[in-house]
1. Hey, can you tell me all the residues within segment B:115-131 that are at the interface with chain A (Cβ under 8 Å from one of its Cβ atoms) and open to solvent by less than 30 Å² (accessible area, probe 1.4 Å)?
2. Looking at (1) open to solvent by 10 Å² or more (accessible area, probe 1.4 Å); (2) within 14 Å of chain B (Cβ to nearest Cβ); (3) among the hydrophobic types (A, V, I, L, M, F, W, C), find the lone condition where A:V190 falls short.
3. Could you please find all residues in segment B:659-671 being surrounded by fewer than 24 Cβ atoms within 10 Å (Cβ to Cβ) and more than 30 Å from B:Q783 (Cβ to Cβ)?
4. Sort out which residues of segment A:40-50 are open to solvent by less than 90 Å² (accessible area, probe 1.4 Å) and either assigned to a helix (DSSP H, G or I) or within 11 Å of another protein chain (Cβ to nearest Cβ) (or both), and write them in order of number.
5. Examine segment B:132-139 for a residue that is surrounded by fewer than 23 Cβ atoms within 10 Å (Cβ to Cβ), over 35 Å from the mean Cα position of the chain (by Cα) and within 21 Å of B:Y700 (Cβ to Cβ), and state whether such a residue exists.
6. If B:I406 passes every condition in (1) surrounded by fewer than 19 Cβ atoms within 10 Å (Cβ to Cβ); (2) more than 24 Å from the chain's Cα centre (by Cα) but one, which one does it miss?
7. Does B:P620 satisfy being within 14 Å of another protein chain (Cβ to nearest Cβ), modelled with pLDDT of 95 or more and open to solvent by 10 Å² or more (accessible area, probe 1.4 Å)?
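The values are calculated or read from the model by the stated rules, or taken from the named source; none is laboratory data. Source: prediction; values computed, not measured. Using ideal geometry, Cβ is built from the backbone for each residue, glycine included, and neighbour counts are taken over all protein chains shown. Surface accessibility is based on the protein's heavy atoms, side chains included, excluding ligands, DNA and RNA. Shrake-Rupley method; radii C 1.70, N 1.55, O 1.52, S 1.80 Å.
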Amino acid sequence: MIPAAFDYVRPDTIDEAVRTLHDGGEDAKVLAGGQSLIPILRLRLAFPELLVDLGRIPELRGVREDPATGSLVIGAMTTHHDVIHDPLVRRHAGLLAAATETVADPAVRHRGTLGGSLSHADPAGDLPAVLLALDGEMVAAGPRGRRTVPAREFFVDYLRTALADDEVLVEIRVPRADGWGFHYEKFSRVAQGWAIVGVAALVRRVDGRIAEARIGLTNMGSTPLRARTTEAALAGAEAVPAAVASAADAAAEGTRPATDLSATPEYRAHLARVLTRRAVLAAAGTE
Amino acid sequence: MTAQATTDAPRPEVGRSRTRKEDARLVTGRTTWTDNITTPGLLYLAILRSPMAPARIDRIDVAPALERPGVIAALTGRDLADELGPMPCVWPVTEDIVMPDHPAVAVDEVRYAGEPVAVVVARGRYAAADALEAVEVDYTPLPPVLGLEAALADDAPLVHAGKGTNRCYTWPLDTGNYAAQKARADVVLRRRYTQQRLIPNAMEPRAVVATPPTASNEYTLYSATQVPHVARVILSMVTGIPEQRLRVIAPDVGGGFGSKLQVYGEEAVALALARKLGRPVKWTESRSEGYQATHHGRGQIQDIEIAATKDGEILGLSVDLLADMGAYLMLITPGIPLLGAFMYPGIYKMNAYTFRCTGVFTTKTPTDAYRGAGRPEATFAIERTMDELAAELGLDPIELRRRNWIRHEEFPYTSIAGLTYDSGNYEAATDRALALFGYDGLRAEQRERRARHDPVRLGIGISTFTEMCGLAPSRVLRDLRYAAGGWEAATIRMLPTGKVEVTTGTSPHGQGHATCWSQIAADVLGVPFDDIEVVHGDTRAVPQGMDTYGSRSLVVGGLAVHHAALKVVAKARRVAAHLLEANEADLEFTAGTFSVRGSPEATKTIQDVAYATFSSHDLPDGMEPTINAGHLVDPDNFSYPHGTHLCAIEVDTETGRARIRSYVCVDDIGKVINPMIVQGQIHGGLAQGIAQALYEEAVYDTEGNLVSGTMADYLVPAAPDLPDFVTDRTETPATSNALGVKGVGEAGTIASTPAVVNAVVDALRPLGVRDVAMPCTPQRIWQAVTDARAKGART
């Protein structure tokens, strides 16, 4: 397929990118790796007049520690491949590295970026639910300066975020999850496919009990979701299969999964319960 | 042969895993894929396709497209009707078959989503794509015809209103008295299986470059096709370009799986536009365009009934098929199910067989050949049914097969369907497969998992199969009302420098003919492998050929190379005898050298002889100069590869996921030219057969739109989704051809689908599951388990 004509700019700085986006109005789109946008253009499902490519802005790449808070600060244009192999991410946010390893295929992981994936906000994408479970924060730059949006407020609806048209996601801030067990349980029909359902689990254990659990759900609604009822039931529960299974039975509460060629809502709800049980047990080191 | 000569003989080429000589350029892409071809003044064709089906075209206006930048021409179906005849179907399987008109571009009515309605030609590919958006079309939707049984109802809307019916044909085959056999049977089992529609997914999409007669007096069509020779005949008829002025070239072609065993409207349109505009025209389809408009495969409902004794002896088989033709008849659409008609009895003996196939029109993409073409469907139905019968009788499925298959000492054996299987050894292949698989150990594990109610169950699936390959004896094709023959041609030219040029009428698109034909010729001629060049895929360079499909190339085309090489040696022997002043009878020919028995110093190499025939200075009286031998093979019989495939699958009853744990196949494809290439064919075939069992399905919504329209929704499995395959072979040479070969292109696809589904059902049978529709998706498996448990709880 051949996309319709568009203009293309590749700014060198964040300020220039924001200015260009602002001037371009609603016909301008950010190109942040292109693993979702380019197929959309080729299928002529969107007709932006201007693409602003963030691929050559050095400060948008890489991972560092914020000395004040100890949080990881991940540049929005850091590729999936670089996230997976970054030592800071592996040490302090292993869930993100593990989940990113399941994204699509090697070609996509070398071009696609964390910020691009989060800004696209596809509820079938793996990383939004992971950032939700990690209680991450998104830092957006716009004509009015920078602001920080917690992950739980960032994903607004299907393919919609809290970013304004002239804002650029520049950083993802992830609190350290040292000492938390983690697991991303992805259920897809083929290895490179979208998750039918995915469950991102973080578990903090104290003396054989689950002190705290955080569970993000992929593809169980128009946005990534937290399985709050299950999280509450797990707090203080014994880290044993029966207790976890009982808590996981509530994993689909409050979700509104869609129908597609791979799954009905009922099947997705069933999968959410089974996969949540498995993810939590794996994160708790029980299985 | 003397001891001396034997020691000097080089290792034979046939049987060696030669690295493919064509691969370096194919895998780097630095070669002539059709889309890489460019030529001065090239224009680009883009095709506007119907967004719905079926519909009446109330108004169509291409004038606005003409105003777009770079646009040279824009035409409707009606405009093109003056340039082109209808696209033909060459397999009218019955006398009363309904054959609707099939214009290359729709006129007044569209019958499937994706059918061409207008074309635009522009100076650039982007300009052509943009201009499509300017074409104005008003449609009135018509009622879709989707289900095969619904299509045959009296009040069904019609795909072709003028034909008065959606029934294309009904084709019967009856041998023995099935009713009598059924009457004496202890067990009669009836099952219905559905062969979902599949999308072929060749790696290279279709592509065409048509050039007008400017530099020479001929039209040239470059096309990513499996069938340049067939295309030349058909396209000369459709376009009116005299056949002798049309050259068709299939450059390097990246896969086909039957989807390029076709002559497409886009090829005819490109030629017509090159003629009309006097400029070369290129068209390359996109993947999503191909999903709608490249023909689909499978698409059948199979009602199969088997009659047997309580000891498991098969008495008779009855098969009633509904086959989805789609909206039009393509090149050989109606004949595809009939390639399976003869294969339902499989490797088994029985007393009666009755078969009926009804072709049905629907408002979907036309169907036609897809890897295996009729035979995978047949093998699936009989092999699924054998497992069901075994379960019904409480027999091990292997044991049931043993009680019914043709024993090796019974060959040649004429099957109940009338085919004469020349050779085979089902016992040997099965015993080998069972040993490699560890059958007894896996059965023990299966029982153990059941006993402890493991949510992950183990299933074991079996598939034995044979297929008819080497298409095809021309007289059989006559009896089946196919319009052409099934022969194949080869020539071998000895060049003055002693090098060798082989031409073949086969048209490889990934199979490795250049390598294998070189191996065959090298052994006969005694020349080095690297001294041989194989020329193919160009009707000017290779005037005669019937192209590549149906596991025919080696069995028919490779055989032609072998016989042509023997003719070269026969002539060379006469020349050598003349030059050596010896009797032909006293000449030995070893490793490319003629020598006189008893005078080892008197020799001539075949290269010496080649030069002598080129100079022609000293040839026997009356002999023509040069050596240029041709041979055409029209086979007497099909060939019959067979094999035993075993699949162990783990089915997670909680999620429905099925994961193949081990897969063993032992195929008997007769003599092998290149084991590495055989291995590749088997691996690819297994992947495609497993894909049908677990992953792939062309899905239409209730309005007739293809909803699995991209690779995000139509799931082609990749390496991580497939197990490590354990492949082995037994070697029972074919007796119907001099090379002893049987063909391997389709074997893996044919055998693997039922092996996998049998394994899924075997895993779940104790839970009460008797079938899972293909593809066995996690949701379907989960649903089957859920339903069976609910039913079990009620009873």
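1. Initially, segment B:115-131 is screened for residues at the interface with chain A (Cβ under 8 Å from one of its Cβ atoms), giving B:125-126, B:129-130.
The answer is B:A129, and nothing else.
2. (1)
3. Across segment B:659-671, the qualifying residue is only B:K671.
4. Residues of segment A:40-50 that are open to solvent by less than 90 Å² (accessible area, probe 1.4 Å), as a first pass: A:40-41, A:43-44, A:46, A:48, A:50.
Residues satisfying the conditions are A:I40, A:L41, A:L43, A:R44.
5. Taking every residue of segment B:132-139 in turn, at least one turns out to be surrounded by fewer than 23 Cβ atoms within 10 Å (Cβ to Cβ), over 35 Å from the mean Cα position of the chain (by Cα) and within 21 Å of B:Y700 (Cβ to Cβ).
6. Going through (1) surrounded by fewer than 19 Cβ atoms within 10 Å (Cβ to Cβ); (2) more than 24 Å from the chain's Cα centre (by Cα) one by one, B:I406 breaks only (1).
7. Working: within 14 Å of another protein chain (Cβ to nearest Cβ): no; modelled with pLDDT of 95 or more: yes; open to solvent by 10 Å² or more (accessible area, probe 1.4 Å): yes.
In short, no.
Rundown of residues vs (1) closer than 21 Å to B:E115 by Cβ; (2) within 13 Å of chain A (Cβ to nearest Cβ), yes/no style:
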site: B:M676; (1), (2): no, no
site: B:G685; (1), (2): no, no
site: B:G689; (1), (2): no, no
site: B:A698; (1), (2): yes, yes
site: B:T702; (1), (2): yes, no
site: B:V707; (1), (2): yes, yes
site: B:T710; (1), (2): yes, yes
site: B:D713; (1), (2): yes, yes
